[in-house]
Structure formats: C-alpha cells, structure tokens
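Rule-based calculations on the coordinates, nothing more; no lab input. What you see is a predicted model, and the numbers here were worked out from it, not measured in a lab. Note: ideal-geometry Cβ built from the backbone for every residue, glycine included; neighbour counts use all protein chains shown.
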Ligand SMILES: [Cu+2]
C-alpha cells in the first residue's frame, strides 16, 4: 500500500514536478503508455478534469497501481480529498495538477474541501 501522503504531494508541487505530468497524462489518456517512473508494469495515468466545480468523470474505474492526475481548469482553487482525509491532492489553483497512485483495491469517495458539494468516486480493481 503506497499512497502519496499530503506531504509528498506538497513536495512534488513545491518542486514543480507535477506540471509536466499534465502533458504526460494527456498522452496517456489516448493510448496505453508505460510509465517509466513507476515500478508497476503497464500502469496507466488517468485524467480527471475539474470544470465548473465538477469532477469529470465523476466516477472512474482504474486498476491497482494506476495513477490519477486531477487538472483544475477553474478559476477557483479545488482539491481532491478522500472523505476521511486518507489522501489529498492539496489545493490546486487554476492550471495546476495533482497526481496520486492507487495501489490497493477498493472504492474511494472524495470531495473538494472548499466546495463540499463537489464529490467523486474512484473504484480500484485488481
Ligand atoms: Cu472546489
């Protein structure tokens, strides 16, 4: 079980390492690409767009080991935060991205801490 902690995500944001991931995630959207930075075989990066205070798609099914990149297109800052705070992208300003890896099967409900009516669901399969 290896999820990025909030501190690790913040570290990535601080190092400016997440911006290039957005472009990488776009490419991964269209085709199956291997992620050289991961030890997982065939791990994919999925993109969830945040637009008009909505997570798109609202429900996403992925495989264990896959990555998800949230991209905020809104002027307002948003977060993707697990309901009980188990994981968190931190605040994403307009144009910023946050990427997390999901290694364990299960269903994750999440929301935006700034706009609690914004909710989404991630289903991680084996
Ligand atoms: Cu929000």
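Here are some notes:
- Fraction of alpha-carbon pairs over 15 Å apart in the range 43-126 - percent: 50
- Label point distance in nm, residue 93-residue 113, each placed 7 Å from Cα along Cα→Cβ: 1.7
- With a simple spin-label model that places each label point 7 Å from the Cα along the Cα-to-Cβ direction, the separation between residue 126 and residue 49 comes to 3.5 nm.
- Which of 122, 62, 75 has the fewest Cβ neighbours within 10 Å, and the rest in rising order: 75, 62, 122
- The simple spin-label model puts a point 7 Å past each Cα toward its Cβ; for residue 104 and residue 76 those points are separated by 3.2 nm.
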